[in-house]
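Input: a single structure, listed below in structure tokens.
The values are calculated or read from the model by the stated rules, or taken from the named source; none is laboratory data. Since this is a predicted model, take the numbers as computed values, not measurements. All Cβ positions, glycine included, derive from the backbone under ideal geometry; neighbour counts span all protein chains shown. Quick note on the areas: whole protein, heavy atoms, side chains included, nothing else; ligands and nucleic acids left out. Shrake-Rupley method; radii C 1.70, N 1.55, O 1.52, S 1.80 Å.
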Amino acid sequence: MGPTSACITNTDRERHGRTVKTESLHWHTSTYSGARGDCVEVAEGQSTSVRDTRNREHGTLTFSAPEWTALLSTLAAR
């Protein structure tokens, strides 16, 4: 099973009581997610955003390029 993807365009998003402009995000899931979708989705751009596939409404974590590289390096070393 290959990765799934969805293109979500957010022009305005409410965050901490104020509206902020966001970029178009192209979300994709891991090929390891399986049929149940138990994984995270990633959107890569100027920064990398991560969200829970099953709980998308709970928001995202956003990493700068150096932070994302450090996270992946740490996980690969385990």
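Which of the following residues is modelled with pLDDT under 90 and polar (S, T, N, Q): SER64, SER73, SER49, SER33?
The unique qualifying residue is SER33.
Got a number for residues in the range 43-78 being among the polar types (S, T, N, Q) and either assigned to a loop (DSSP other than H, G, I, E, B) or touching an Asp or Glu at 6+ places or on another chain (Cβ under 9 Å) (or both)?
8
Taking the condition of being open to solvent by 50 Å² or more (accessible area, probe 1.4 Å) and within 19 Å of SER24 (Cα to Cα), how many residues in the range 64-78 meet it?
Residues meeting the conditions: 1.
Got a sec? Which of GLU57, GLU41 is open to solvent by 80 Å² or more (accessible area, probe 1.4 Å) and modelled with pLDDT of 50 or more?
Details: GLU41 fails: open to solvent by 80 Å² or more (accessible area, probe 1.4 Å).
Just a single option satisfies the conditions, and that option is GLU57.
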